[in-house]
Amino acid sequence: MGYDEKNEIQENENWIRIGDLKALHGSRILHPTRVERIINEFIQGGPERMQMVSDFDFTITKQRTDDGGKVLSSFGIFNACKSLPDNFKAETDKLYHIYRPIEIDPHMSKDEKVKYMIEWWTKSSEVTSGFPFDQTEIDDIASKFKHALRDRTHELFEDLQRMQIPLLVFSAGLGNSVVSVLKQADIMYPNVKVVSNFLQYRDGLLDGFQQPMIHTFNKNETVLDGHEYYDLVHSRDHIIVMGDSLGDADMASGVPSSSHILKIGFLFDHVEANMEKYMNTFDIVLVDDQTMDVPRALLELIEKQKLKLKNGGSPPAQLSSL
Ligand SMILES: [Mg+2]
């Protein structure tokens, strides 16, 4: 059911107009009325009903750094580890050249792609087996990328922590790298949960990845069925989803259909060619925005309204920066 039929909140003197939100001025929005309505739902629902689901690679990390330095993906961090056997890199490259074109093939259906993605992740898991490996190698490389997070990522994580809003970092990459970057940046707060692929060991040697496998096309809350995280958040029906790939928009597709989801997409590569697809997929499209300013502006509105209700009057001045 769309918002147009489901007019459950009323416009009132507290109603926020999308045009008044400075943070959104550079963004592209296909359905501004719908987005305005969801934002007002979020504000009136308060932090207790919110959760955030975010991709990691190039969503929490930047797509472009100020000094032009390359940001490694979470698998890229692992692949840069010196002790990996010679054949590991050759095998991994071989798999990439077979399966990556399938992953991004615009002519193949998603259903058809899934079996290839399972093959890719399964073969990667087999290649990542049978040799010793120490997590400190990942930590050493990840330490170089704790500064590659989007501007104001620390503040965003602090906002979520202060407002007690759960954040699911959902990655089809390598969880060991994701957790290492977040820990070294000091933002792995208790409300942050990372669901991703983690290395597993047997008899002191690597033994592929732990189950369940998270690949590009099952990266949504359906893989969380039976997971403790699902129980924690299933009652939080106001959801902000953030990602840089089209598939990230489905990350909350396992939640109840009554949920209200606002999808924020970070677009950087081939902006003109991708714009239409991104606008049809994400509610808010941010072009070459290497900050967390938009999600923070939304959280600020939610917090401001909560404080206003609590104080029975005007919000404190320091929260009136929008
Ligand atoms: Mg990504």
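Tabulated values for the structure
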| quantity | calculated |
| --- | --- |
| Residue that is farthest from Asp134 (Cα to Cα) [pool: residues in the range 35-56 that are within 16 Å of the ligand (Cβ to nearest atom) and touching a helix residue (DSSP H, G or I) at 6+ places or on another chain (Cβ under 6 Å)] | Asp55 |
| Search result, residues across the range 126-147 that are at pLDDT 95 or above and over 14 Å from Gly76 (Cα atoms) | Glu126, Val127, Ser129, Gly130, Phe131, Pro132, Phe133, Asp134, Gln135, Thr136 |
| Single unsatisfied condition, Glu119 versus (1) surrounded by 15 or more Cβ atoms within 10 Å (Cβ to Cβ); (2) within 26 Å of the chain's Cα centre (by Cα); (3) touching a residue at least 24 places away in the same chain (Cβ under 8 Å); (4) in a helix (DSSP H, G or I) | (3) |
| Residue among Ser258, Ser253 that alone is more than 25 Å from Val114 (Cβ to Cβ), away from the ligand (no atom under 15 Å from the Cβ), at pLDDT below 90 and not in a strand (DSSP E or B) | Ser258 |
| Any hit, the range 73-85, residues being within 16 Å of the ligand (Cβ to nearest atom), closer than 22 Å to Gly265 by Cβ, touching a residue at least 40 places away in the same chain (Cβ under 8 Å) and assigned to a loop (DSSP other than H, G, I, E, B) | yes |
| So Asp67, is it under 22 Å from the mean Cα position of the chain (by Cα) and either within 16 Å of the ligand (Cβ to nearest atom) or farther than 25 Å from Val255 by Cβ (or both) | no |
| Residue list for the range 180-200, filter: more than 16 Å from the ligand (Cβ to nearest atom) and either closer than 17 Å to Met242 by Cα or without any contact (Cβ under 8 Å) to a residue 40 or more places away in the chain (or both) | Lys183, Ala185, Asp186, Ile187, Met188, Tyr189, Pro190, Asn191, Val192, Lys193, Phe198, Gln200 |
| Scope the range 223-244; condition out of contact with any His (no Cβ under 8 Å at 6 or more places or on another chain) and either surrounded by 19 or more Cβ atoms within 10 Å (Cβ to Cβ) or part of a strand (DSSP E or B) (or both); matching residues | Leu224, Val233, Ile240, Val241, Met242, Gly243, Asp244 |
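Condition check ((1) surrounded by fewer than 17 Cβ atoms within 10 Å (Cβ to Cβ); (2) not β-branched (Val, Ile, Thr)) across all residues:
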position	(1), (2)
Leu262	no, yes
Phe266	no, yes
Ala273	yes, yes
Lys277	yes, yes
Asn280	yes, yes
Val285	no, no
Asp289	no, yes
Pro295	no, yes
Glu300	no, yes
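The values are calculated or read from the model by the stated rules, or taken from the named source; none is laboratory data. Here the structure is a predicted model, which is why all the values come from computation and not from measurement. In this analysis, Cβ positions are derived from the backbone assuming ideal geometry, glycine residues included, and neighbour counts consider all displayed protein chains.
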